[in-house]
1. Could you grab me the full set of residues in the range A:10-37 that are in contact (Cβ under 8 Å) with a residue 60 or more places away in the chain and touching a helix residue (DSSP H, G or I) at 6+ places or on another chain (Cβ under 8 Å)?
2. Which one is surrounded by the most Cβ atoms within 10 Å (Cβ to Cβ) among residues in the range B:1-43 that are within 13 Å of the chain's Cα centre (by Cα), more than 8 Å from chain A (Cβ to nearest Cβ) and over 19 Å from residue A:21 (Cβ atoms)?
3. Restricting attention to the range B:44-72, which residues are more than 14 Å from residue A:60 (Cα to Cα) and surrounded by 18 or more Cβ atoms within 10 Å (Cβ to Cβ)?
4. Would you call residue A:64 closer than 21 Å to residue B:66 by Cα and more than 16 Å from the chain's Cα centre (by Cα)?
5. Test of understanding: among A:87, A:115, which residue is modelled with pLDDT under 80 and closer than 27 Å to residue B:28 by Cα?
6. Could you give me the residue pairs with C-beta distances under 9 Å whose first residue belongs to the range A:64-89 and is touching a residue at least 60 places away in the same chain (Cβ under 8 Å), whose second residue is surrounded by 15 or more Cβ atoms within 10 Å (Cβ to Cβ) and not in a helix (DSSP H, G or I) wherever it lies, and which are 6+ apart or on separate chains?
7. Select from the range A:38-82 the residues that are more than 29 Å from residue B:62 (Cβ to Cβ) and in a helix (DSSP H, G or I) and list them in ascending order.
8. Condition first: within 7 Å of another protein chain (Cβ to nearest Cβ), closer than 18 Å to residue A:81 by Cα, within 16 Å of the chain's Cα centre (by Cα) and touching a residue at least 40 places away in the same chain (Cβ under 8 Å). Can you find one or more residues in the range B:44-56 that meet it?
């Protein structure tokens with residue numbers, strides 16, 4: 001490789017690390033703000049599965065750029081692939097368990113408990129361990145919700 | 001000190017510090033999240049931030065062995081979320 005190209009790479013590498021770290025911190029901040037501002041667990045799962053995953057991928061890319069090409073970057077690429085697959089999968093599993101347990105989703109005309117602002121805990125079956133709502137009252141009915149599915 | 005101008009180690013450590021602070025801020029949602037899935041998702045995100053911080057500190061200190069720790073921690077984090085989400089409902093079938 002040309003020596004001038006190597007010189008440009010040596011100049012650009014710290015700036016690339018800085019930009020990737022700054023993007024990671026920005027998207028993680030977006031995730032934390034979303035966790036505090038969004039109204040219910042289904043909306044917060046968006047902050048968990050999208051913003052936080054993107055922030056994690058950017059930070060792992062920054063670490064890979066800092067390590068340089070080699071076995072470490074390969075290991076970081078595997079770690080990034082794992083985070084990319086498992087982060088949204090875990091959020092999906094948790095949200096699906098919440099839906100199967102009968103947590104009602106937030107709507108404009110029926111606010112549910114969010115923990116940060118005022119709660120309507122007395123009117124909604126949104127406590128953990130609360131009774132499952134009657135079919136067709138509060139939540140969208142799903143065929144065979146978790147009963148016969150492994 | 002004649003390193004590169006934006007020092008790479010300092011940038012990585014500053015990013016790790018910011019991510020630790022954001023994860024600590026997220027623990028508030030673990031405390032006041034009204035339902036159990038809120039807490040599980042928040043703990044999952046804190047674990048993801050921990051994986052990233054381990055990788056960043058490993059890159060800043062030049063320790064490739066930290067990446068194995070981060071990989072194992074990511075596996076345990078995923079298993080924690082899946083296990084808790086299967087535990088909170090009656091039967092399986094969350095995936």
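1. A:36
2. Here the answer is B:43.
3. Matches in the range B:44-72: B:44, B:45, B:46, B:47.
4. Yes: the conditions hold for residue A:64.
5. Of the residues listed, the single one that is modelled with pLDDT under 80 and closer than 27 Å to residue B:28 by Cα is A:115.
6. none
7. Hits for the range A:38-82 are A:41, A:42, A:43, A:44, A:45, A:46, A:47, A:48, A:49, A:50, A:51.
8. Yes, the range B:44-56 has at least one match.
The values are calculated or read from the model by the stated rules, or taken from the named source; none is laboratory data. Predicted model only: the values in this text are computed from it and were never measured. Don't worry about glycine lacking a Cβ; one is built from the backbone with ideal geometry, like all the others, and counts go over all protein chains shown.
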